[in-house]
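Trainee: Before we start, here is the structure in question, set down as structure tokens.
The values are calculated or read from the model by the stated rules, or taken from the named source; none is laboratory data. Remember, predicted model here, so these are calculated numbers, not experimental data. In this analysis, Cβ positions are derived from the backbone assuming ideal geometry, glycine residues included, and neighbour counts consider all displayed protein chains.
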Amino acid sequence: MSAPAFPTELDEQIIDNLHLDKPALAVCALVCQSWMYSSRYHLFGSLVLRRDAWGRLIQLLESPRVTFVPYIRDLVVSGSDSEDNTYLNQHIPQLPNFPSLARLRIAHVAWADLSPSTTESFLRAFSATTNLALHFVTFNTTREPVELVSGLPRLDQISIVATFLDDSSPDFDAHPPVAHALTDVSFRTGLGSGESYGTFVSWLNSSSSRIHTLRLGALRAATLPTVSQLLHSLGPNLETLDLAFIYQVTAAEIDTHLDLSSNTHLRRLGIHVSLRRFHLVRGPMNAPWAVLAAVRSPLATLTIELTVDAVVVLDDMDWNCLNTTLLGGEQFRGLRRLEFVVVVHLIEGDEEGAVEAGIRARVPELDARGIVEVVQKNPIWGEGF
């Protein structure tokens, strides 16, 4: 006599409730074949590949009974900044196509170590991905990330934090165009990648006009005209904009070069401000607030990310300018959320609470409207955005 079985719907509900407890789910799947089939979505949905895991993965893929590949939706390939990545030239060509892969993240990989044939194999294996993150990846030139982005036909979201070994400015017209429509773009480079930055942004401007979310980091004055051209091209399509300037950029440079007049449907704006004791701030810092003066559409959300290493550095900001702009500007009258995201360095205990209190005390009228939120987080090394 066979043991009674639960209805399939109840099995699936139990499995869904166990999805965060993979060890328990794996044990259940081992003792019940029907649970194995229903659990694969959770058990194999995410995969992290570090150097020591590649051999085991390739060995599994060589088995004729392997069934998990179609269930992988999220894949992380993590390299090492202290080791060469030439081993990927052996393993990437051995990968099959991942037909259900939605999100692919490559982190801490020197793409300069990889051969052109490896790049071709990469594009073949990951052709289904719609979301690509290249974080702390070192490229020779801008052509390499452009080839990756343009070679993935379903891609609509990219996040790139990169360093370029060759910072010359090749003709971006020689780069392959994007045949598909990118809608969400994040791009940040190291401080030494000025010309490469401009080349990549110019390529974006020539290739994609449907971007509705744009995040740009480590902006310097020399790149602002090129960025402004991209913003003008995006026009009313742009709904979310996030900008991080290096601290040397002045208000006059932002006033001169940054034009948001075409972005008439902009609803969410983010500004990053670094307030560190080693920064030589001459007078109250008001340069980031020059971005607010360029806004022409009514904002719903303004996020200001502050990087601080002491409560006292809050005094370096021109809070009077911020209050005057937000309380007096027509485009800010409908503001529903003013969020301060505070990235704290070397601050502990009572001083952390003092940061939030110090911010709220500096925007009293806005805080009284109930729209101010203060979120504190520790810096997470290895995260790009």
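Trainee: Are any residues in the stretch 298-311 modelled with pLDDT of 95 or more and over 17 Å from the mean Cα position of the chain (by Cα), and if so, which ones?
Mentor: Residues satisfying the conditions are PRO298, LEU299, ALA300, THR301, LEU302.
Trainee: Right, next: With LEU95, LEU60, LEU101, LEU134 as the choices, which residue is aliphatic (A, V, I, L, M) and within 29 Å of GLU195 (Cα to Cα)?
Mentor: When all the criteria are applied, what remains is LEU134.
Trainee: Out of LEU335, LEU326, report the one residue that is at pLDDT 95 or above, touching a helix residue (DSSP H, G or I) at 6+ places or on another chain (Cβ under 6 Å) and not in a strand (DSSP E or B).
Mentor: Criteria check complete, one pass: LEU326.
Trainee: State all residues of the stretch 121-149 that are among the hydrophobic types (A, V, I, L, M, F, W, C), farther than 19 Å from ALA181 by Cα and free of Cβ contacts under 8 Å to residues at least 40 places away in the same chain; if no residue qualifies, say none.
Mentor: PHE122, ALA125, VAL137, PHE139
Trainee: While we're here: Is it true that ARG268 is at pLDDT below 95 and out of contact with any Pro (no Cβ under 8 Å at 6 or more places or on another chain)?
Mentor: No, not satisfied.
Trainee: Determine the pairs where a residue that is part of a helix (DSSP H, G or I), located within the stretch 294-312, has a partner that is charged (D, E, K, R) with Cβ atoms under 6 Å apart, the partner being 6 or more residues away or on another chain.
Mentor: VAL311/GLU351
Trainee: Taking the options VAL295, VAL374, VAL343, VAL363, name whichever one is modelled with pLDDT of 80 or more, touching a Pro at 6+ places or on another chain (Cβ under 6 Å) and among the aliphatic types (A, V, I, L, M).
Mentor: VAL343
Trainee: If you check every pair at least six apart or on different chains, which have Cβ atoms under 6 Å apart with a residue in the stretch 227-247 that is under 12 Å from LEU204 (Cα atoms) first and a residue that is at pLDDT below 95 and among the hydroxyl-bearing types (Ser, Thr, Tyr) second?
Mentor: Filtered contacts from the stretch 227-247: SER233/SER209.
Trainee: Right, something else. Within the stretch 227-273, which residues are closer than 15 Å to LEU214 by Cα and in a helix (DSSP H, G or I)?
Mentor: Of everything in the stretch 227-273, those that are closer than 15 Å to LEU214 by Cα and in a helix (DSSP H, G or I) turn out to be VAL227, SER228, GLN229, LEU230, LEU231, HIS232, SER233, LEU234, GLY235, PRO236, ASN237.
Trainee: Another question about this same structure. Return the residues of the stretch 72-99 that are acidic (Asp, Glu) and either under 23 Å from the mean Cα position of the chain (by Cα) or not in a loop (DSSP other than H, G, I, E, B) (or both); say none if nothing qualifies.
Mentor: Across the stretch 72-99, the qualifying residues are ASP74, ASP81.
Trainee: On to the next question. Please verify whether the stretch 277-285 includes one or more residues that are assigned by TED's automatic domain parsing to the domain that holds GLY353, modelled with pLDDT under 90 and aromatic (Phe, Trp, Tyr).
Mentor: Yes, that holds for at least one residue.
Trainee: So, one more: Sort out which residues of the stretch 137-148 are in contact with a strand residue (DSSP E or B) (Cβ under 6 Å, 6 or more places away or on another chain) and either farther than 18 Å from VAL201 by Cα or aliphatic (A, V, I, L, M) (or both), and write them in order of number.
Mentor: VAL137 - this is the single residue of the stretch 137-148 that is in contact with a strand residue (DSSP E or B) (Cβ under 6 Å, 6 or more places away or on another chain) and either farther than 18 Å from VAL201 by Cα or aliphatic (A, V, I, L, M) (or both).
Trainee: For the stretch 110-122, name all the residues that are among the aliphatic types (A, V, I, L, M) and either under 13 Å from LEU75 (Cβ atoms) or not in a loop (DSSP other than H, G, I, E, B) (or both).
Mentor: ALA110, ALA112
Trainee: Taking interchain pairs and intrachain pairs at least six residues apart, which have beta carbon atoms under 9 angstrom, with the first residue in the stretch 78-93 and closer than 10 Å to SER115 by Cβ and the second aromatic (Phe, Trp, Tyr) and not in a loop (DSSP other than H, G, I, E, B)?
Mentor: Sorted first by the residue in the stretch 78-93, then by its partner, the pairs are LEU88/TRP54; LEU88/PHE122; ILE92/PHE122; PRO93/PHE122.
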